[in-house]
Amino acid sequence: MLRLQGVSHSYDDRAVLRDVTLDLAEHRIGVIGANGSGKSTLARTLNGLVVPDEGRVTLGEWDTRRHAKHIRRRVGFVFSDAANQIIMPTVAEDVEIGLRSLRLGREETARRVDAFLVRYGLDGHRDHPGHLLSGGQKQLLALASVLATEPEVLVCDEPTTLLDLRNTRMVHRTLDGLDQQVVLFTHDLDLLDGFDRVLVMDEGRVAFDGAPAEAVAHYLRLMDGADREAGA
Amino acid sequence: MSAIGLYVPGTGPLYRAPAWAKLLGLLAAGVALLAAADHRIALGALAASLLAYPVVGLAPARAWGVLRVLWPFLLAIALFQVLFGEWETAVRLCAQLAALVLLANVVTLTTRVREMLDLFERVARPLRHVGVAPDRVALVLALTIRSIPMVADAWRTSQEAYRARGLSGRPHLLVVPVIVQLLRMADATGEALVARGIDDDTRA
Ligand SMILES: Nc1ncnc2c1ncn2[C@@H]1O[C@H](COP(=O)(O)OP(=O)(O)O)[C@@H](O)[C@H]1O
Ligand SMILES: [Mg+2]
């Protein structure tokens, strides 16, 4: 289980995370909050892309401060802009490169690449350059490449922000169908349907932690309050 | 799409041939052409390399795309040779260059980048002894190939933003926003490499 204990982080003098303590045990966890509330920074602490100034982030006995490499193998990460996440020149190669570090052997690697391309409907594009895929297909490729390594947890930082409705639904369905634990950071409140738990971030703190409907209501109130303050 | 292309999916003997054989063939053709140093042979080679496209199942438009990029260079060489040398030399140099670039393009179009990189890794393996990690170099090459369309994209989006604001001319003003975009992309890609555990692996 991912666990955050007293996590605080600043960029220069600006506090971005303030004393966040969380046990992330539920199967589907959503995180919402205004721009700049610290969502992406929080997301990045979960796999050691950001190591917090204070506090610890652990997965079982592993600590991101000391075992980032181990944790990254278990915590997959999907960014909003899939284009930057696609590393290799063709679709199949991109899925394959992520598998290299698992050292599965040639045959198993090839089998897994095939299986994931088929599962995500990318089989017909295997030798196409990734950058020529549509936005939705790019995001599916990013997902396929990460999921092929079979992480225990999948962290997604606004995976549908750049997508249209159809592609958003495609990604939504894909995430829905996963066996893995998913921690989804999003602005798309529709994605949170059926989630077990939703956190609301506000100025680097967890302002609400509970069921999706109440979390969304809390978030809307928070935004209304901010509007009134700005109007006053 | 750029003229000098990457792998296009297809079938046929050249697709199945191993990368090393194709590169060796290309090298042999290059050496033979330069050694022969004859304008008729060079012209023959040019005709053959043009014919190679339909033969291996590549659209002739791909050959045309290469020539379209190449012609300013060919023209410059031809002009120089005609003015200061002999016309046979002009014909020979232009035909040699065009033939070799066309053939090199046939090789890259029919060979998966992955295969090319694997070959490179194998060839570079002895370099391990002097502290070079071949798989790391191969990764850098892959990223370089991968970033060609990114540069084009960054240029296009900057240009669009520039025009959308009613500005025109002075294309040098685009250089800074393009570089800023590329740095941002490079930063994000670097982060993705770490997140995907790819960087860790190649360093091992
Ligand atoms: N690498 C960074 N360097 C400096 N400041 C950053 C960096 N990343 C984020 N920030 C700042 O931290 C704050 C929170 O950002 P972020 O975690 O991205 O929030 P969110 O994802 O909720 O929009 C923002 O003010 C942002 O400008
Ligand atoms: Mg963010």
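The values are calculated or read from the model by the stated rules, or taken from the named source; none is laboratory data. On a predicted model such as this, the values are computed, not experimentally measured, just so you know. Here Cβ is always computed from backbone atoms with ideal geometry, including for glycine, and neighbour counts include all displayed protein chains. The protein model used for the area step is the full one, side chains on, heavy atoms only, and it has no ligands, DNA or RNA in it. Shrake-Rupley method; radii C 1.70, N 1.55, O 1.52, S 1.80 Å.
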Just to be sure I understand: of the beta bridges DSSP finds with both ends in the protein assembly as shown, what percent are antiparallel, rounded to 5?
55
Whole angstrom only: what separates the Cα centroid of the stretch B:129-204 from the Cα centroid of the stretch A:1-32?
31
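Could you tell me the relative contact order of the stretch B:1-111? Use alpha-carbon pairs under 8 Å, at least six residues apart, and round to a whole percent. Display every interim value, and only then the final one.
Working: 108 pairs, mean separation 50.9, N = 111.
Answer for the stretch B:1-111 is 46 percent.
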Could you report the accessible area of A:Asp123 in Å², rounded to 10, computed with a 1.4 Å probe on the protein chains as they sit in the structure?
70
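Over the stretch B:115-204, with the other protein chains present, what is the accessible area per residue in square angstrom, probe 1.4 angstrom?
Working: 5410 Å² over 90 residues.
Heavy-atom SASA per residue in the stretch B:115-204 reads 60 Å².
Just to verify a number: FRET efficiency for A:Ala15 and A:Arg173, C-beta to C-beta distance, R0 = 45 Å, to 0.05?
0.75
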In the stretch B:115-204, how does Rg compare with the Kirkwood Rh, expressed as the Rg/Rh ratio over alpha carbon atoms?
1.15
For the pairing of chain B with chain A, what total accessible surface becomes buried, with a 1.4 angstrom probe, in square angstrom to the nearest 100?
2700
Evaluated at 10 °C with a viscosity of 1.306 mPa s, what Stokes-Einstein diffusion coefficient in µm²/s does the stretch A:169-227 have when Rh comes from the Kirkwood expression over alpha-carbon pairs?
128
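Which value, in debye to the nearest 20, describes the size of the charge dipole of the protein assembly as shown about its Cα centre when Lys and Arg Cβ atoms bear +1, Asp and Glu Cβ atoms bear -1, and nothing else is charged?
Dipole of the protein assembly as shown, to the nearest 20 debye: 1480 debye.
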The stretch A:193-211 versus the stretch B:38-104: alpha-carbon centroid distance in Å:
65
Hey, got the Cα dimensions of chain A along the principal axes, in Å, largest first?
60, 40, 32
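Quick one: pull the percent of accessible area on chain A belonging to carbon and sulfur, 1.4 Å probe, ligands and nucleic acids left out. Don't skip to the end; give the middle numbers.
On the way: 4760 of 10350 Å².
Solvent-exposed carbon and sulfur of chain A make up 46 percent of the total.
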With equal scatterers on the alpha carbons only and no solvent term, can you work out the Debye log10 of I(q)/I(0) for the stretch B:1-111 at 0.11, 0.18, 0.23 1/Å?
-0.35, -0.89, -1.28
Counting only helical runs of four or more DSSP H residues, what would the 222 nm mean residue ellipticity of chain A come to if each run contributes -39,500 (n - 2.57) and the total is spread over all its residues?
-11000 deg cm²/dmol
Between B:Ile77 and B:Ile179, what length in nm is gained on full extension when 0.36 nm per residue of separation is reduced by their alpha carbon distance?
33.5 nm
